[in-house]
Amino acid sequence: FDALQRAHLGGEGYRPMPSFSPTWLSLPFPDFCHRLAGLDGLAIPAAVDPAPFEAQGWARLATVRRGDAVRGLFRAALEAWLVLDRALLLVEQGFEVGVATFCARSLSPRNALIIAQRAAGRGTGEP
């Protein structure tokens, strides 16, 4: 729909899609586009062939899915790096630091816990 609206409805940049019923996703692509355009008060010219735009949409989806797959390969390593980087910052600020997990990764992929306490003899004497 984004490519179609840019080409035929005068859109030059990304236009956020208005909220629509999830049942519309099961509609044939031309019907979906006409309904979505109607929500914005736009009309798709009858002569417009939506097939090339549907093909562009499927190609974009494939590209996004490939990018998601690559990001997924590095997600755990990047999250571990971030946790350890934050823990190191706390050590540099004078804290005694421990890193643990608080639940199974299957429950939450962000399951890291940084436990920090000001090192003895450093700071204000407050916990």
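The values are calculated or read from the model by the stated rules, or taken from the named source; none is laboratory data. Since the structure is predicted, the reported quantities are computational estimates derived from the model, not experimental observations. Positions of Cβ are backbone-derived with ideal geometry, glycine not excepted, and every protein chain shown enters the neighbour counts. Note: areas computed on protein heavy atoms with side chains; ligands, DNA, RNA excluded. Shrake-Rupley method; radii C 1.70, N 1.55, O 1.52, S 1.80 Å.
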Exercise for the section: May I ask you to list the residues in region 33-55 that are at pLDDT below 90, assigned to a helix (DSSP H, G or I) and either open to solvent by less than 60 Å² (accessible area, probe 1.4 Å) or at positive phi (or both)? Expected result: 33, 36, 37, 38
Practice task
Evaluate the following for residue 24: is it assigned to a helix (DSSP H, G or I) and open to solvent by 50 Å² or more (accessible area, probe 1.4 Å)?
Solution key: no
Exercise for the section: Search region 45-65 for residues that are farther than 18 Å from residue 25 by Cβ and pair each with any residue that is open to solvent by less than 90 Å² (accessible area, probe 1.4 Å) when their beta-carbon atoms are under 6 Å apart and the residues are at least 6 apart or on different chains. Expected result: 48/8
Exercise for the section: Please identify the pairs in which a residue from region 1-29 that is free of Cβ contacts under 8 Å to residues at least 24 places away in the same chain has its Cβ atom under 6 Å from the Cβ atom of a residue that is open to solvent by less than 40 Å² (accessible area, probe 1.4 Å) and among the aromatic types (Phe, Trp, Tyr), counting only partners at least 6 apart or on another chain. Expected result: 24/32
Fill in the blank from the handout: Residue hits (region 1-21; part of a loop (DSSP other than H, G, I, E, B), surrounded by 10 or more Cβ atoms within 10 Å (Cβ to Cβ) and over 27 Å from the mean Cα position of the chain (by Cα)) are 9
Handout entry: Filter result for residue 117 (of a type in the set (S, T, N, Q), more than 26 Å from the chain's Cα centre (by Cα) and either open to solvent by 70 Å² or more (accessible area, probe 1.4 Å) or within 18 Å of residue 2 (Cα to Cα) (or both))
Key = yes
Exercise for the section: Residues being surrounded by 13 or more Cβ atoms within 10 Å (Cβ to Cβ) and within 30 Å of residue 34 (Cβ to Cβ): count how many of those fall in region 56-105. Expected result: 2
